[in-house]
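Structure first, then comments.
The values are calculated or read from the model by the stated rules, or taken from the named source; none is laboratory data. On a predicted model such as this, the values are computed, not experimentally measured, just so you know. A quick note on method: Cβ atoms are made from the backbone with ideal geometry, for glycine too, and the neighbour counts reach across all protein chains shown.
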């Protein structure tokens, strides 16, 4: 389906408004009914005082009307605007709505902390249960076995250039445990 961009001139303001249409051209009846509904929605101005509290309850058409109302107001000198108009303009532009909606609610930090603590506790219990119920370490990990491996490596002259059998070797060899 081919999209056609049409420019509709708004009766209440001078700049053009761009609309995206999915059909080629709307009929004259559709244009007159849509312009009448847009004029009626624009005529009922939404109060800008405390827009922050009202924003979540507004419909999308009312949000657009508030946005257009603020666009007209912001064309005036910034010093002439009231405090409520400035707050409304700032909230609509930068408020915590739309893509800037916070991802976490108040109190989520405590829930996350408790869940993380519970998971760490469960992991600790599983670790100590596996250590207690598991087999003992193999005998090749004992210090005596590793020292005997060092003696055997010296008898067999393993790695005579840089390893345990080399002259002046000062490393531990195969001994890993303390």
Here is a list of conditions, (1) touching a helix residue (DSSP H, G or I) at 6+ places or on another chain (Cβ under 8 Å); (2) over 30 Å from residue 66 (Cα atoms); (3) surrounded by 11 or more Cβ atoms within 10 Å (Cβ to Cβ), and residue 111 meets all of them except one; can you say which number that is?
(1)
Could you tell me whether residue 109 is assigned to a loop (DSSP other than H, G, I, E, B) and either under 30 Å from residue 52 (Cβ atoms) or not assigned by TED's automatic domain parsing to the domain that holds residue 56 (or both)?
no
How many of the residues in the stretch 138-178 are surrounded by 13 or more Cβ atoms within 10 Å (Cβ to Cβ) and in contact with a helix residue (DSSP H, G or I) (Cβ under 7 Å, 6 or more places away or on another chain)?
6
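Yes/no matrix, rows are residues, columns are (1) closer than 24 Å to residue 47 by Cβ; (2) within 33 Å of the chain's Cα centre (by Cα); (3) at pLDDT below 90:
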residue: 67; (1), (2), (3): yes, yes, yes
residue: 71; (1), (2), (3): yes, yes, no
residue: 86; (1), (2), (3): yes, yes, yes
residue: 99; (1), (2), (3): no, yes, yes
residue: 115; (1), (2), (3): no, yes, no
residue: 144; (1), (2), (3): no, no, no
residue: 154; (1), (2), (3): no, no, no
